[in-house]
Amino acid sequence: MSIQALRSNGNTCTEIAFAKVNLGLKVLSHRQDGYHDLASVFQTVSLGDRVLLEPTAQLALSCSDAALPAGPGNLAWRAAELYLREVGGRPCRIHLEKAIPVAAGLGGGSADAAAVLRGLDRLASRPAGRRSLLELAVRLGSDVPFGLSGGAALAEGRGERLLPLAWDGGPFWCLLVFPPEPVSTAWAFAELDRTRRGDALSKPSAYLTFLDSVRGGRVDADGLWRVLENDFQPVIERAKPIVARASQLLAATGPLARSMSGSGSTVYGIYDDRTAADRAAHRLRTAGFPVFLCTPVPAPPA
Ligand code: C5P
């Protein structure tokens with residue numbers, strides 16, 4: 001399944017907003033604008049929210065998760081407002097059917113916002129087109145541009161500078177393990193700054209060296225699994241012992257590689273064998289953790 005409208009009959013449309021996994025993440029430098037430059041391989045995986053849009057007289061938002069805001073506090077709402085202000089078109093009633101855990105490092109809110117932009121543009125009589133959607137996406141959040149296309153990409157800058165990637169190597173399974181412990185992205189960046197006070201920036205990194213090899217547009221999967229690291233992981237595991245516990249349990253299942261996604265709290269294992277991935281899923285589930293066994297989702301054809 002790729003990122004696409006499930007159904008669009010001119011009146012309604014349903015988009016899938018896929019989760020994003022960071023296959024490695026280095027936080028490089030603190031910028032003047034308060035953000036950080038980073039380097040990461042982003043990959044959409046087969047866990048997705050459904051975003052339904054139906055034109056109506058006034059913008060409205062509802063969500064299967066009653067704990068989430070149904071107004072301007074929700075990035076999906078702000079995406080719709082921004083699109084209607086900058087591009088025009090008819091307001092919609094939007095419904096989010098959530099499957100992606102919230103504040104989990106899986107980019108669910110950003111994916112929903114990107115799906116709203118795609119959906120409104122699909123329903124528009126005069127679509128804004130890809131380039132304009134990208135400009136709107138950057139204004140909404142660092143991960144929203146990736147949500148427009150998905151697939152695999154080298155992400156740099158705030159996360160908005162994207163180089164599409166293709167995989168060399170066989171298929172893989174990604175077992176997401178969600179310690180039910182939400183992590184605020186802004187808090188995680190502040191905590192990372194506090195703990196390393198700039199001194200980790202100059203350390204050599206096998207992951208960063210590896211990223212130079214993907215600039216031609218292809219990723220050697222085995223090479224990537226050997227160097228996976230996420231700068232947030234030690235910080236989050238120290239602050240939230242349940243994340244460390246999930247990591248230890250994952251390690252014992254013998255994955256090809258394991259890491260944490262984004263600023264957490266989701267940790268994941270990579271397997272090249274479905275049976276091993278199923279067995280690992282069973283073990284983590286038995287230990288009480290919500291798990292999602294996913295495959296990579298490619299970007300739709302341009
Ligand atoms: O861009 P977004 O609104 O998703 O970012 C949330 C927060 O995470 C920012 O306000 C900032 O504190 C932090 N952030 C950062 N560097 C990035 C992305 C996010 O410092 N590249």
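Bear in mind that the values in this text are calculations on the coordinates, not laboratory data. Everything numeric here is computed off the predicted structure, so don't read it as measured data. We place every Cβ from the backbone using ideal geometry, glycine too, and count neighbours over all the protein chains shown.
Here is how the numbers come out for the structure above:
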{"item": "Computed over the chain, Kirkwood Rh from alpha-carbon pairs, angstrom", "result": "19.6"}
{"item": "Packing rank of 23-32, 102-111, where each peptide gets the mean count of other beta carbons within 10 Å, highest leading", "result": "102-111, 23-32"}
{"item": "More than 18 angstrom apart: percent of Cα pairs within region 27-176", "result": "59"}
{"item": "About the Cα centre, charge dipole magnitude for the chain (Lys/Arg +1, Asp/Glu -1 at Cβ), debye", "result": "240"}
{"item": "Nearest-ten-degree value, helix 274-286 long axis tilted from longest Cα axis of the chain", "result": "90"}
{"item": "Mean separation of Cα contacts under 8 Å, 6 or more apart, over the residue count of the chain: relative contact order %", "result": "23"}
{"item": "Spin-label model distance (nm) - residue 209 vs residue 251, 7 Å beyond Cα toward Cβ", "result": "2.3"}
{"item": "Order by protection proxy (mean Cβ within 10 Å, highest first), peptides 64-75, 229-240", "result": "229-240, 64-75"}
{"item": "Span from the region 154-214 Cα centroid across to the region 266-302 one, whole angstrom", "result": "19"}
{"item": "Value in Å of the Kirkwood radius, where region 93-189 supplies the Cα pairs that are averaged", "result": "15.2"}
{"item": "All-pairs Cα distance distribution in region 67-109, expressed in whole percent, bin size 10 Å", "result": "24, 51, 22, 2"}
{"item": "Whole-number D in µm² s⁻¹ for region 15-108, Kirkwood Cα-pair radius fed into Stokes-Einstein, 25 °C, 0.890 mPa s", "result": "162"}
